[in-house]
Amino acid sequence: MAKLPTPQELVANRPAFPAEAWLETKPKFVPGSYCYPAKKETMEALHMPHPHEWDPAADDWQLPENWEKILCDAFEDRLKKHRSLKLFMDICVRCGACADKCQFFLGTNDPKNMPVLRAELLRSLYRRDYSMLGKILGKKIGARSWDYQTVKELFFYAYQCTECRRCSLFCPYGIDTAEITAIVRELLHEVGLGLHWIMDPVKNCSYTGNHLGIKPHSYVEIVEMLADDCEDIVGVRPKTPFNERGHEILFICPSGDVFADPGIYTFMGYLILFNELDLDYTLSTYASEGGNFGSFVSFNMAKKLNAKMYEEAQRLGCKWILGGECGHMWRVINQYMDTYNGPTPSNMTTPVSPYTGTVFKNAASTKMVHIAEFEADLIRHNKLKLDPSRNDDLICTWHDSCNPARGMGLLDEPRYVLKHVVNHFYEMPENTIREQTFCCGAGSGLNTEEIMELRMRSGMPRGNALRYVQQKYGVNRMACCCAIDRATLPPLADYWAPGVTISGLTELVANALVCKGEHKRTVNLRQEDLPHLDEEEPEGNEGE
Amino acid sequence: MLNSLLVVALVAIIAWLGAAIGLGSLFGVVLPYVAIVVFLGGVVWRMVWWAKSPVPFAIPTTGGQEKSLDFIKQAQWDCPDTTLGVVKRMFLEVFLFRSLFRNVNAEIKQDDPVNGGPRLIYYSSKWLWVFALLFHYCFFIVFFRHFRFFVDPVPGCVSFMEMIDGFLQIGAPRFYLTGGLLLVAVLFLIGRRLVNPRVRYISLTQDYFPLFLILGIVVSGIAMRYFLKTDITQVKAFVMGLVHFNPISADGIDPIFFVHVCLVSTLLIYFPFSKLTHMAGIFFSPTRNLPCNTRRVRHVNPWNPPKDFLTYPEYEDLYREAMAGANLPLDKPLEAETKQKSGE
Ligand code: SF4
Ligand code: SF4
């Protein structure tokens, strides 16, 4: 990996706008500006169209002979299928309100990273075929024909968008560039263009059920190891039910929580919490990936990967599904799942919390509850004994992940939980949180090493806001409820606000959770000493 | 940019010359009829074209807290979960440009004292919102005032609007505030496209064209009313003729009137084929016009393809041995399978 410039340099060396009009400029495929392409075998295993080996830096991308026809037909097909696409192609007035709302634009100052121009890349092609004047006047009114360079350009910028929807919030017509990006990615897949870091996990999820392709027995082994760790820390070994029939709840979380630091602490948090509650639940190795990498590829791929959830809930006879902390998983669950793979199997019923009796009416059809909702409800009803002082070494802030924020509206539930399990909490500046949140800059399949500088650029708005609260309030922990964030934010924090660590919500809950039969807790889930250890604590520490 | 200006100027000059050489009825009668037909037909055609594609997924942008637990306060306006709520959200969006109101301007400060390095700072930036509102509302009121020419007797609401609009009571004929403001707003929108480097970079010919067209319409209208003092009774008689499909002779009407009419007709004809359809389009926008209740109510996709995925039995077939090794429950026990195999 190339050496990164310092934050100062990175900001200072963002180039000025080119002198030529955008129709005249072309992206340069230099290392670091693009992600590696998907392997031929991967694409074959997934029955994707035109699997082939190719190199983004090469002149010839080895597209199929009739690529232009394939793309034009696919575009027409998508216009027929999506009213959103037709509408977004037609009604943008180029007011520019979305321009500086995109973290990629802010970080790169590349005009084509303004959401409006990202969309214009496709719109210019639309103009040629779907507007009378476009055919006659061509470039004069921003219309152009498909050519090899255009395909490359679409690829370049479709993978410099994390589908975070921040632009759609600010657009007066709600034009959602994420939707356009998603469709452009679909089109590119028609001619065999995809990313390694997306397609590999897709293949793995499709077969083994998790994105790293870990086989069922190793998966179980890892979970058992985490349970052992929980036992060391808490003194009680949590249950680890797998693929068991007849439980009320099926729990599905992003598999990143099982494999990767710091996600594993969140997973340990789930285990400890469920054990303390004596929750009637099971995990599944078959549906062990909540995160939906298919949603970075195409609607149908998202559907394919998502289908396992209901299939497994039906097979195991679960009444409802509890979902872990993951961003794109919840975008899919909240807005697509029911449409893709519903109606739910007949054994499923509207979720009811077994402890508080709360009926999750908002999940009546999908029958999936977010763990932050579940936890907030428990805390509200005093069902958890909490000692937030165990998190006193942490000064926390909350990162709203883009998908739960703008594709779901999950904003106050996690805050409610967080405020009950930590004593020190500070918000980042208001234009960088809640529905206006900036994403981590590497979602939607862009969290690869090879584009690290680009990621630091797109992570600039989040990084700056984090640094602000770090410097002002001494914040040293950013919590979030997204597995991709837990993978992408640590390098971002190291770069923009060194010293800040990242964690999930449930890790902090489990730190604070006073469990029945626990031994004297001396370390947190990360095996770091708890604060106030030397101070003599009274017996039977009372939670809040 | 210049192209647009030239085209608009050309339209105006042609109308002027045409009227001067006695083609008034072409520009004053035929063109307006054509324009109205094209406008109405065109807008309907565009809406039908949109409506022909389904909305496969419910993708509202959640602009605030969802409705979930009862102690968590829902952002009713920005994240509505009911039809009534959506109507309210759309109302804010259409009449008050709610999303545009959020606008902020992000600027990077290289050496921020707090951050000890670069920091993005967000400045409230409501100018676009202010002028966009001003532009659209003034346009509407000016349009509404024109009903004085289309309807006889003049409806009370039109006279009332005129009274309010002319409350400054200056000049004769009385100066209408909205006309002046509309001019200011159009000039702002043009100026912004020219001055703001980002907007300038994204602007296309078809972004300047309607602005110049509207500028031409406003200027010719103002000129007609305040400077050339066109004979209003004559114009009204002429327009009423059009309204009753009984056109009368255009003789004696100042050519500026035909310039005005011709520019308006051009705008109407251009409208359905351009970004101006955003006026109708906003009502179709799936990120705004759908309730945020997607977990409570199932949205149906008419082209939902059949399910195609690795089913559990297929999965178990792939990993049965590994699963058995890990003591995972199996639907089809390992022994059965091995027995089967050995039996064959
Ligand atoms: S805010 Fe919306 S209408 Fe304005 S330029 Fe961006 S996408 Fe187009
Ligand atoms: S969805 Fe996010 S990353 Fe993509 S263009 Fe919009 S703001 Fe930028």
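The values are calculated or read from the model by the stated rules, or taken from the named source; none is laboratory data. From a predicted model like this one, the values you see are computed outputs, not experimental measurements. Ideal geometry is used to build each Cβ from the backbone, glycine not excepted, and the neighbour counts take in all protein chains shown. Heavy atoms of the whole protein, side chains included, go into the accessibility calculation; ligands, DNA and RNA do not. Shrake-Rupley method; radii C 1.70, N 1.55, O 1.52, S 1.80 Å.
Nearest 5 percent is fine: what portion of the DSSP beta bridges confined to the stretch A:202-512 is antiparallel?
5 percent
Solvent-accessible area of A:Arg83, probe 1.4 Å, all protein chains present, reported in Å² to the nearest ten, please.
Per-residue accessible area (A:Arg83): approximately 50 Å².
Between the stretch A:299-330 and the stretch A:218-250, what is the separation of their alpha carbon centroids in Å?
20 Å
Near the amide H of A:Leu386, under 5 Å away, which other amide H atoms are found, from residues 5 or more places off or on another chain, if H is placed in the peptide plane?
A:Val514, A:Gly543, A:Glu544
Let me cross-check B:Ile190: its accessible surface, 1.4 Å probe, with only protein heavy atoms counted, in Å² to the nearest 10?
Around 10 Å² of this residue is reachable by solvent.
What aspartates and glutamates does A:Lys139 reach when the alpha-carbon gap must be under 16 Å and sequence neighbours fewer than 8 apart in one chain are set aside?
By straight Cα distance, A:Lys139 reaches A:Glu20, A:Glu24, A:Glu120, A:Asp129, A:Asp147, B:Asp207.
Can you give the mean number of other chain Cβ atoms that lie within 10 Å of the Cβ atoms in peptide A:301-309?
3
Residue by residue through the stretch A:209-224, which ³J(HN,Hα) values in whole Hz follow from phi under the Karplus form 6.51 cos²θ - 1.76 cosθ + 1.60 (θ = phi - 60°), with glycine and proline marked x?
Karplus values, whole Hz, x for Gly and Pro: x, 9, 6, 8, x, 6, 6, x, 5, 5, 4, 4, 4, 4, 4, 4.
Of the cross-linked pairs A:Lys81/A:Lys101; A:Lys383/B:Lys67; A:Lys80/A:Lys304, which ones have a Cα-Cα span greater than 25 Å in the structure shown?
A:Lys81/A:Lys101
Which whole number gives the average count of other chain Cβ atoms within 10 Å of the Cβ atoms across peptide B:315-326?
Counting Cβ atoms of other protein chains within 10 Å of each residue's Cβ and averaging gives 5.
Ignoring ligands, DNA and RNA and using a 1.4 Å probe, state the total buried accessible area between A and B in Å², rounded to the nearest 100.
In total, this chain pair buries about 9300 Å².
Long-range amide H contacts for B:Ile108: which residues qualify at under 5 Å (H placed 1.01 Å from N, peptide plane, sequence gap of 5 or more or a different chain)?
Hits under the 5 Å cutoff: B:Ile121.
Using a 1.4 angstrom probe on the protein heavy atoms only, could you order A:Lys152, A:Lys139 from most to least accessible area?
Result, largest first: A:Lys139, A:Lys152.
Per residue of chain A, what 222 nm ellipticity follows from adding -39500 (n - 2.57) for every DSSP H run with n ≥ 4, rounded to the nearest 500?
It lands at -13000 deg cm²/dmol.
Using a cut-off of 14 Å between alpha-carbon atoms, which aspartates and glutamates can reach A:Lys308, once sequence neighbours fewer than 8 places away in the same chain are excluded?
Correct list for A:Lys308: A:Glu289, A:Asp338, B:Asp308, B:Glu314, B:Glu316.
What average number of partner chain Cβ atoms lie no more than 10 Å from the Cβ of the residues making up A:163-170?
4
If the label point is 7 Å along Cα→Cβ of B:Ile121, which residues in the stretch A:67-111 have backbone nitrogen under 19 Å from it?
A:100-101, A:106-107
Taking the Cα centre of each part, how many Å lie between the stretch A:49-81 and the stretch B:147-209?
48 Å
Name the residues of the stretch B:91-118, by number, that are at least 30 Å² less accessible with every protein chain in place than in the isolated chain; the surface is that of heavy atoms, probe 1.4 Å, without ligands or nucleic acids.
Buried-area filter returns B:Ser99, B:Leu100, B:Arg102, B:Asn103, B:Val104, B:Ala106, B:Ile108, B:Gln110, B:Val114, B:Asn115, B:Pro118.
Take the residue pairs A:Lys112/B:Lys109; A:Lys39/A:Lys367; A:Lys39/A:Lys303; A:Lys40/A:Lys112; A:Lys361/B:Lys126 and return only those whose Cα atoms are more than 27 Å apart.
Among A:Lys112/B:Lys109; A:Lys39/A:Lys367; A:Lys39/A:Lys303; A:Lys40/A:Lys112; A:Lys361/B:Lys126, the Cα-Cα distance tops 27 Å for A:Lys39/A:Lys367; A:Lys40/A:Lys112; A:Lys361/B:Lys126.
Percent relative contact order of the stretch B:2-284, based on C-alpha pairs within less than 8 angstrom and at least six residues apart?
Dividing the mean separation by the residue count of the stretch B:2-284 yields 30 percent.
Based on the alpha-carbon gyration tensor of the stretch A:1-138 and its eigenvalue square roots a ≥ b ≥ c, which shape applies: rounded if a/c is under 1.5, prolate if not and a/b is larger than b/c, or oblate?
Note, shape of the stretch A:1-138 comes out oblate.
Against the longest alpha carbon principal axis of chain B, how many degrees, from 0 to 90 and to the nearest 10, is the axis of helix B:255-270 turned?
10 degrees
Can you sort A:Asp392, B:Asp331 by 1.4 Å-probe accessible area, starting with the largest?
My answer, sorted largest first, is B:Asp331, A:Asp392.
Given a 1.4 angstrom probe, I'd like the percentage of the accessible area of the stretch B:117-174 that is carbon and sulfur, rounded to a whole number.
About 75 percent, which is the carbon plus sulfur part of the accessible surface.
Given only helices, namely DSSP H runs of n ≥ 4 each adding -39500 (n - 2.57), what is the per-residue ellipticity at 222 nm of chain B, to the nearest 500 deg cm²/dmol?
Computed mean residue ellipticity for chain B: -17500 deg cm²/dmol.
Angle, helix A:460-473 long axis vs. longest principal axis of chain A, Cα atoms, 0 to 90°, nearest 10?
For helix A:460-473, the angle is close to 30 degrees.
How large a share of the accessible area of chain A, in percent, is made up of carbon and sulfur atoms when the probe is 1.4 Å and the other protein chains stay in place?
After summing per-atom areas, the C and S share lands at 50 percent.
Does the stretch B:2-284 classify as rounded, prolate or oblate by the C-alpha gyration tensor (a ≥ b ≥ c root eigenvalues; a/c under 1.5 gives rounded; else a/b over b/c gives prolate, otherwise oblate)?
Prolate shape, in that a/c is at least 1.5 and a/b is the bigger ratio.
Looking at chain A only, what percent of DSSP beta bridges run antiparallel? Nearest 5 please.
Percent antiparallel among DSSP bridges in chain A is about 15.
Kindly tabulate the residues in the stretch B:200-221 with an accessible-area decrease of at least 10 Å² between the chain alone and the assembly of all protein chains, using a probe of 1.4 Å.
When all protein chains are present, B:Tyr201, B:Ile202, B:Leu204, B:Thr205, B:Gln206, B:Asp207 each give up 10 Å² or more of accessible surface.
Can you send over the solvent-accessible area of B:Asp308, 1.4 Å probe, protein chains only, in Å² to the nearest 10?
B:Asp308 has an accessible surface of roughly 100 Å² with all protein chains in place.
Give the shape of the protein assembly as shown as rounded, prolate or oblate, defined through the alpha-carbon gyration tensor: a ≥ b ≥ c are the square roots of its eigenvalues, a/c under 1.5 means rounded, and otherwise the shape is prolate if a/b is larger than b/c and oblate if not.
prolate
Could you order A:Met309, A:Met132 so the one with the most accessible surface comes first? Probe is 1.4 Å.
Result of the area sort, largest leading: A:Met132, A:Met309.
Might you tell me the accessible area per residue for the stretch A:202-512, computed with a 1.4 Å probe and given in Å²?
With all protein chains present, the stretch A:202-512 gives 24 Å² per residue.
Taking the Cα atoms only, what angle lies between the long axis of helix A:483-496 and the longest principal axis of chain A, rounded to 10 degrees?
So the inclination is approximately 80 degrees.
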